[in-house]
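The block underneath contains the structure these notes are about, expressed in structure tokens.
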Amino acid sequence: MHFNELNLSEELIRAVEELGYTEMTEIQQQSIPLLLEGRDVVGRSNTGTGKTAAFGIPAVESITESDRKSTAILILCPTRELAMQANEEIRKFAKFKEGVKSSAIYGGASMEKQIHELKRGANIVIGTPGRVMDHIRRRTLKLDSIRTVILDEADEMLNMGFREDIESILADVPDNRQTVLFSATMPKEIMAITEKYQTDPVHIKIKTAQKTVELIEQFYFEVAMGRKTDALKLLLAAYKPASAMVFCNTKVMVDQLTEELVKSGFRAAGLHGDMKQIQRTQVMNSFKNKTAEILVATDVAARGIDVSGIDAVFNYDLPQDNEYYIHRIGRTGRAGRTGTAYTLISGRKQLYDLRAIEKYTHAEIREMPLPEKSDIIAMKKESLVKDITEAQAGHNAYDILDRLASQGIDYREAAARVIEKLLKNETEALPDLESARPLKKGRNSGAKTVKIVINVGRNRRIAPNFILGALVDATGMTGRDFGKIDIFDEHTTVEVPEAESEYIIESTDSIKINGNKVEVKLYKGSDSDKFRNRRSNEKPHFDRKKKAYGNKKRAEIFSDYIPDRKKRMKKRH
Ligand code: ADP
Ligand code: MG
């Protein structure tokens, strides 16, 4: 359905055309007509499906001459970035329409400037819950003429601990308002808000082609810049998949990587669109009959490939599109089998892209340490011990040992030489990643840090994301600027850059976290021995310093995640 099939004003149609939109997305098709009618709506749809326009277009359309001096529409967003982004988009929709004034209000920015904009008669206000509450308290934002409240990314706002603020805002706006809620997921808390604050809402749920990726365990590895090929070799040597796919974003990369792997003794073959059909068929056949253990491919070339029994998918490059990630990892874990997906990332940008994928797929992608050459040697030793224990000796072997003994090489020495050679054959070609240190996170990494202490903790059911949400909202800094968050029974400490600590303490003067009024101070104590880190009772978490996963040591981690290849091969037959 095209936008001009809606009963929109000329000004909006023009703006939408200028943005290059032609067809409406599904969520837009279903929600815009209802929103224009003034109905309450609960819209559920994945990230990237155009929800901003779904509520932004009707919002702009509804502004009239009589809204000149007062706020008619209030949009709540979880973060400063999202508020700014929604504001920019709404301004684009309003480009040809006179009298629409939108304003974004969020923490960490000048209060005066925001007050000024509000006074000039912003009829669409987009803000983060904390700052919106702040303006309401100061009476610089008046609620009495608001006729529509929109909660964008409602689930995220609740996750960040904004429930109390949101409820307080909803309770204070006039009762006969329109209430609209968009969310990617629909947890119980949202249903509760819907029931309490919406009137006869229409529920819209857009199903996506998304596959269940539940059977696929997902991990990622941070790799130093330029060392992905070495890292992949180590991973292949450690995990020894009998059948694996490796995805690259370009044909050149497929060729280079395949060549490198073959040179190091891996049975790898490449597949991309520039190859002749006959070559492609050969490659596919060798992969299907397991002569080639590793298929290196581009997304396009691999489309539609359906090979059973793929143990692992490696993302050498991050996919350019979130959907591709799902398609890629869906190659493993077929037909009810479990599979594993490993993603290599270098640099902070890729880490953020990975986080976006994680959010999009609603799956946890856990960090794992890269195996080091020494880990693989340790594993090889284990398997040699096992192999030799289970092996049988015949006369030929004894014959050789007797001849060696006559030359003065005793049995122990002879065995040692043979074992050494076996070990070397398998591990000599492996790269050493020692020099590749994991990335440091955060703009301020390296800068001196101090801790601040907040006087709420586990006793108030505080979670790290509540803390982070409140800090980001109050300071306008990004989540990356904050370091380790440790939650104790009655307090929480947060690592912050020393240079910003004073500013952070100032700007959190009157904040609330999960509904609790809190006090934020510079931390002076030492908690390491007195309290246990909350993480110790949580899911295993990779600790960089200790190089351990939860309480486990490296060796244990690998033996846990490296499936026994022989067993797997048997299963297949
Ligand atoms: P969501 O909030 O659902 O995650 P956004 O509103 O951020 O999605 O939109 C994602 C992208 O899609 C934006 O770049 C937006 O400009 C674009 N977009 C939205 N609607 C359309 C449309 N009808 N046609 C083309 N692009 C669109
Ligand atoms: Mg959005």
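The values are calculated or read from the model by the stated rules, or taken from the named source; none is laboratory data. As the structure is a computational prediction, the values presented were derived from the model and not from experiment. In this analysis, Cβ positions are derived from the backbone assuming ideal geometry, glycine residues included, and neighbour counts consider all displayed protein chains. Accessible surface is based on the protein model in full, side chains and every heavy atom, while ligands, DNA and RNA are left aside. Shrake-Rupley method; radii C 1.70, N 1.55, O 1.52, S 1.80 Å.
Normalised Debye scattering of the range 374-427 at q = 0.23, 0.25 Å⁻¹ gives log10 I(q)/I(0) of -0.95, -1.03, counting only Cα atoms as equal scatterers and leaving out solvent. The reciprocal of the average 1/r between distinct C-alpha atoms defines the Kirkwood hydrodynamic radius, which for the range 285-434 equals 19.5 Å. Charges were assigned to the Cβ only: +1 to each Lys and Arg, -1 to each Asp and Glu. The resulting dipole of the range 374-427 about its Cα centre is roughly 120 debye. Per-residue accessible area (protein heavy atoms, 1.4 Å probe) orders SER45, SER70 as SER70, SER45, starting from the largest.
Label sites at ASP255 and ASN285, each approximated as a point 7 angstrom past Cα along Cα to Cβ, lie 2.4 nm apart. Placing unit charges on the Cβ atoms of the charged side chains and taking the dipole of the chain about its Cα centre, the candidate lying farthest along the positive direction among HIS327, VAL41, ALA470 is HIS327. Using a simple spin-label model with pseudo-atoms 7 Å out from Cα toward Cβ, GLN320 and ALA378 lie 4.1 nm apart.
Computing FRET efficiency as 1/(1 + (r/R0)^6) for GLU189 and ARG355, where r is the C-beta to C-beta distance and R0 is 22 Å, gives about 0.45. Per 5 Å bin from zero, what fraction in whole % of the C-alpha pairs of the range 216-372 is there, up to the bin with the longest pair? Reading the bins upward from 0: 2, 9, 20, 25, 23, 14, 6, 2, 0. In the full protein context, the chain carries 52 Å² of accessible surface per residue, based on a 1.4 Å probe and ignoring ligands, DNA and RNA.
When the surface is traced with a 1.4 Å probe over the full set of protein chains, TYR360 keeps roughly 20 Å² accessible. Pairs exceeding a 24 Å alpha-carbon distance, out of LYS373/LYS484; LYS69/LYS113; LYS101/LYS512; LYS359/LYS484: LYS373/LYS484; LYS101/LYS512.
What is the percent carbon and sulfur in the accessible area of the range 374-427, measuring with a 1.4 Å probe over the protein chains and ignoring ligands? Walk me through the numbers before you get to the answer.
Values: 2410 of 4410 Å².
Its accessible area is 55 percent carbon and sulfur atoms.
With a Förster radius of 51 Å applied to the C-beta separation of LEU422 and ILE278, the computed FRET efficiency comes to 0.85.
Cα centroids of the range 234-291 and the range 79-107: 48 Å apart.
Peptides 319-327, 134-142, 275-283, ordered by how many other C-beta atoms sit within 10 Å of their residues on average, highest first, read 319-327, 134-142, 275-283. Measuring how big the chain is from its alpha-carbon positions, Rg and Dmax come out at 29.3, 108 Å. Take 114-123, 71-80, 405-414 and order them by the average number of nearby Cβ atoms within 10 Å per residue, most first; the result is 71-80, 114-123, 405-414. Sparse packing (at most 13 other Cβ atoms within 10 Å of the Cβ) combined with a DSSP loop state is found for the following GluC sites (Glu not before Pro) in the range 167-258: GLU214. Take the Cβ atoms of TYR411 and ILE388, set R0 to 22 Å, and the FRET efficiency comes out at 0.95. Of the solvent-accessible surface of the range 216-372, computed with a 1.4 Å probe over protein heavy atoms with every protein chain present, carbon and sulfur atoms account for 49 percent. Extension gain for ARG403 to ASP432 (0.36 nm times residue separation, less C-alpha to C-alpha distance): 6.6 nm. Working from label points 7 Å from Cα in the Cα-to-Cβ sense, the HIS203 to SER510 distance is 3.9 nm.
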